Amino acid sequence: MTRYVQPVPAPDDPYTGDGLLRSWLERRLGPAGHAAAKARLADLAADVVGPLRAAHADAEAHPPTLVRYDPWGARVDRIDTSAGWQAQRAAAARHAVVALPYLDSARGTWGAAARVVQHALLHLYGPESATFSCPVAMADGAAALLSLPEVDAGVRDAWLPRLTSTDPGTAIVSGQWMTESQGGSDLSRSGTTARPAGDGSWRLTGEKWFCSAADATMAVALARPEGAGAGSRVLAPFLVPRYAADSPLADADADADADAAPYAPAPGVTVHRLKDKLGTRALPTAEVGLREAYALPLGDPAVPGLVRAMTLVVVTRVHNAAAAAGGMRRGLAYARAYADARTVAGGRLVDNPLHRATLGALAVDAAAAFALAGHAFALLGRVEVGADPDAAAELRVVAPLAKLATGRLAVSSASEYVEAFGGAGYVEDTGVPRLLRDAQVLPIWEGTTNVLALDVLRAVTREDAGAPLLRRLSAAVDLARPMSPALADTLAAATADLTAALADAAADPRAVDVVAGARGLALRAAAALTAALLVEHAAWGDEQAEVAARLWARCRLRHEDIAADAHQHLDLLC
Ligand SMILES: Cc1cc2nc3c(=O)[nH]c(=O)nc-3n(C[C@H](O)[C@H](O)[C@H](O)COP(=O)(O)OP(=O)(O)OC[C@H]3O[C@@H](n4cnc5c(N)ncnc54)[C@H](O)[C@@H]3O)c2cc1C
């Protein structure tokens, strides 16, 4: 008897095979704008299915290690990473995954929509980047923060070009040191202090509990300026050079050593240990101690700085949504490819009505997550280029909504993708289990679901951020009417429900039932917004979006079983 060997799934090219991505770009960029982006996207997709897929596997197989001491007992705190991780780092720079929205040439070609092109790059790059997408997000957030006019020009000129370089030899990424063990969500308990050194620089002392990309060349750390008082609003962002080579506190001998050992830590920066994590295993996440570490203020520390730091956080949250949506789409592509090849009950798995319905429902969720993430990036671009006040008002609520809704969708979808491979999905060296492990972090970092739900509640009750949301929903009802009266009615009912819920919340935002219901409210708002975004894309002429809008609205707004339709439309949806 011959030994049966399972077929290896070969998913489609992530750019040419993703109809929704392509039509989204066609609509958002226009035919000329999309044409201008095609070579860039095709190059990245070719790298992803070739060397970067191999680099991803290498980085996952060889997680980072912390070397605390050199052979002679000197403390070195060096983080060794794999060749795969380094290849991902170089590719992120080369393909301008961080840099694109900051490049004059990109802004010249696409204007505010440079962020739309960047989202497409992230959609292609992220899922098989061994979570290098995390340092990419933090580098982008740091670059956005450094771009603020209130940041000292000297600091900006020294660091921003390095963060936005497309040369792998000079490009750097950033960490983001905010979480402390006594409070991650509750920043008011932050204990890291900052004192002025008298020469414009500051010294930071404290303990940071989760520091991802701990090998990055710089970090943005939150600290409490001396005399600033209690609470979270007064916390200020500081740039901390991670290595001696960038720290003026390193003495001349250390400078000389830095040439030989470029990764010698900056004085006062200690890496206690690397976290042993459920997923994101290629990503070094460390506990870091700061003792009088050299730091540069990002803005005036006397001015309450949490608002400035939120510039960074908004960027990393929309990246999180992109990571969720990208991962879902790639997981779907793998599951579909496997179903095309695998035989069950005398036929191909992809021809089985029940499995088709399962994949079809997952495809609807993937389309939904893509629309949410894509919308958030489009708004971010309009805020940055042109300072569009309407976009800023909408982004205030869309960033947390997109982050929280896509994070949850990514986890539920990843579980289904693993199951779609049967037993093989549970076996490490197929690469499938990490889809689930890596998805589980998405609802946790950059704010948990509950914490973001409270942020949404604050935004809609204190900042009237519900208004742009409701306007978009109402407009979508009219767009949906000629497509499908049932869809329009569903969206109208969801809009009415949300309008009433927002009014109730605004009447008494601290009422126990309002706070207890914040997660439900946010998820309902995100589900309605998603339907509206899919309707907008469908109204432009995209058939896939029309099907996704109808099925999403039935499943998520009316809680109906969509199996029969999901089965029927699978080939259109993925
Ligand atoms: C892999 C990984 C990498 C990370 N990397 C970084 C990094 O690079 N930089 C960084 O700064 N942080 C990082 N973090 C930390 C992450 O951002 C925090 O873990 C997260 O914000 C939650 O904070 P916490 O761990 O203190 O949990 P807590 O805030 O203690 O939350 C515990 C539970 O309480 C809930 N909760 C908290 N507050 C409220 C509230 N007011 N109302 C209702 N429920 C609430 C939460 O939803 C959660 O379920 C990382 C985390 C992970 C897992």
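The values are calculated or read from the model by the stated rules, or taken from the named source; none is laboratory data. Keep in mind the model is a prediction, meaning the values are calculated, not measured. Here Cβ is always computed from backbone atoms with ideal geometry, including for glycine, and neighbour counts include all displayed protein chains. These area figures cover heavy atoms from the full protein model, side chains too; ligands, DNA and RNA do not enter into them. Shrake-Rupley method; radii C 1.70, N 1.55, O 1.52, S 1.80 Å.
How much of the accessible area of the chain, probe 1.4 Å, is carbon plus sulfur, in whole percent? Carbon and sulfur atoms account for 55 percent of the accessible area of the chain. The convex hull built on the alpha-carbon positions of the range 154-216 has an orientation-averaged projected area of 5.7 nm².
Quick check: Cα centre of the range 51-103 to Cα centre of the range 290-314, how many Å? Result: 26 Å between the Cα centres. Toward the positive end of the charge dipole of the chain, with +1 on the Cβ of Lys and Arg and -1 on the Cβ of Asp and Glu, the farthest Cα among GLN118, GLY374, GLY50 is that of GLY374.
For the range 270-384, the spread of Cα positions along the three principal axes, ordered from largest to smallest, is 70, 40, 15 Å. The modelled label-to-label distance between ALA503 and LYS277, using points 7 Å beyond Cα along the C-beta direction, is 4.5 nm. Taking all protein chains into account, the per residue accessible area for the range 312-426 stands at 28 Å² (1.4 Å probe).
Of the beta bridges in the chain, as assigned by DSSP with both residues counted there, near 85 percent are antiparallel. Report the percentage of all Cα-Cα pairs in the chain whose separation exceeds 39 Å, rounded to a whole percent. In whole percent, the long-distance tail amounts to 27.
Protection proxy ranking for 565-571, 8-14, using the average of other Cβ atoms within 10 Å per residue and placing the highest first: 565-571, 8-14. Each of the peptides 225-237, 179-191 was scored by the mean count of other Cβ atoms within 10 Å over its residues; in descending order, highest first, they stand as 225-237, 179-191. Protection proxy ranking for 473-484, 503-514, 140-151, using the average of other Cβ atoms within 10 Å per residue and placing the highest first: 140-151, 473-484, 503-514.
Using the Cα coordinates of the range 341-402, the gyration tensor eigenvalues translate into equivalent-ellipsoid semi-axes of 41, 10, 6 Å, sorted from longest to shortest.
Once each of the chymotrypsin sites (Phe, Trp or Tyr not before Pro) sitting in a DSSP loop with at most 16 other beta-carbon atoms within 10 Å is removed, the chain keeps 73-574 as its longest stretch. Where does helix 114-125 land angle-wise versus the long Cα axis of the chain, in degrees 0 to 90, nearest 10? Approximately 80 degrees, to the nearest 10.
In the context of the full set of protein chains, the range 149-279 has a per residue accessible area of 43 Å² (1.4 Å probe).
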